[in-house]
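Structure, as structure tokens:
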Amino acid sequence: MALLAPSILSADFADLGNDIKTTAESGADWIHVDVMDGLFVPSISFGMPVIKSIRKTTDKPFDVHLMINEPIRYIKEFKEAGADILTVHVEACSDTKATLEEIKKAGMRPALSIKPKTPVSEIEEYLPLIDMLLVMSVEPGFGGQKLIPETVDKVRQLRKIIDERGLDVLIEIDGGINLENVVDIVKAGTDVIVAGSAVFGGDVAEKTKAFVSLIK
Ligand code: DX5
Ligand code: ZN
């Protein structure tokens, strides 16, 4: 059993509030919100004013994935905008420990992400400080890419480490997840599934329910 966190990056921005309401009412657990700065990743998405405005559309937790350099600069702002879970990239922080501690201090759940080529050894020391580890299964920056299969081995490796150490850390996966591969990905030990184009690229209610029926 896993949670579903649809990524609004692939939603219809002209009708964002309704797309969020539809997926939430169809069984989505969290709303995954991708923030990109054009530096850590090539693309720019949206920032705090948009998050603040869509915060009113649902009570579901906002799972905010920061693809920005030195996210420690903006932690309070994301809390004020309405983030519940705040994910930062280990590759984007000059002081990862301090960044995670600031997130917790601000009253959010701290989470850490790794890009496909970053080894698990780079984040092992931070596991006791986080609520969730986000495994990127595509290079971050764009929706609609194909999952890199080796990243699923990373989920298995992490599952083993987290269970052996008796830690309470969720594993989330993000990028290229669809109705065909999601069952195997849950079986590998994933707790939270992010899906963008596979939810918002079609009939949002129908796609959300199809995911929910496969992962619950
Ligand atoms: C990519 C983002 C993802 C993206 C996933 O950098 O972090 O959340 O929206 O999109 P799909 O599910 O289409 O790969
Ligand atoms: Zn994301």
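The values are calculated or read from the model by the stated rules, or taken from the named source; none is laboratory data. What you see is a predicted model, and the numbers here were worked out from it, not measured in a lab. All Cβ positions, even for glycine, are placed from backbone atoms using ideal geometry, and neighbour counts span all protein chains on display.
General remarks:
- Number of residues in segment 173-215 that are closer than 16 Å to ILE8 by Cβ and of a type in the set (Gly, Ala, Ser): the value is 8.
- Leading residue by the ranking (surrounded by the fewest Cβ atoms within 10 Å (Cβ to Cβ)) among those in segment 98-112 that are closer than 20 Å to PHE40 by Cβ and either modelled with pLDDT under 95 or touching a helix residue (DSSP H, G or I) at 6+ places or on another chain (Cβ under 7 Å) (or both): ALA98
- Given (1) within 16 Å of ligand 2 (Cβ to nearest atom); (2) more than 20 Å from LEU167 (Cα to Cα), index of the condition LEU112 fails: (2)
- Those residues of segment 183-214 which are within 16 Å of ligand 2 (Cβ to nearest atom) and hydroxyl-bearing (Ser, Thr, Tyr), in sequence order: THR190, SER197
- Hits in segment 131-156 (condition: away from ligand 2 (no atom under 12 Å from the Cβ), among the aliphatic types (A, V, I, L, M) and closer than 23 Å to GLY201 by Cα): LEU147, ILE148
- Residue in segment 191-213 that is under 17 Å from the mean Cα position of the chain (by Cα), part of a loop (DSSP other than H, G, I, E, B) and of a type in the set (A, V, I, L, M) present: no
- Of residues in segment 21-37 being over 13 Å from the mean Cα position of the chain (by Cα) and either over 17 Å from GLY143 (Cβ atoms) or free of Cβ contacts under 8 Å to residues at least 40 places away in the same chain (or both), the one nearest to ligand 2 (Cβ to nearest atom): ASP37
- Taking segment 22-53 as the range and being at negative phi and surrounded by fewer than 17 Cβ atoms within 10 Å (Cβ to Cβ) as the test, the residues that pass are GLU25, LEU39, PRO42, SER43, ILE44, GLY47, MET48, PRO49, VAL50, LYS52, SER53.
- Of the criteria (1) away from ligand 1 (no atom under 15 Å from the Cβ); (2) within 23 Å of VAL90 (Cβ to Cβ), which one SER7 fails: (1)
- Taken together, the residues in segment 153-185 that are among the hydrophobic types (A, V, I, L, M, F, W, C) and crowded, with 20+ Cβ neighbours inside 10 Å amount to 8.
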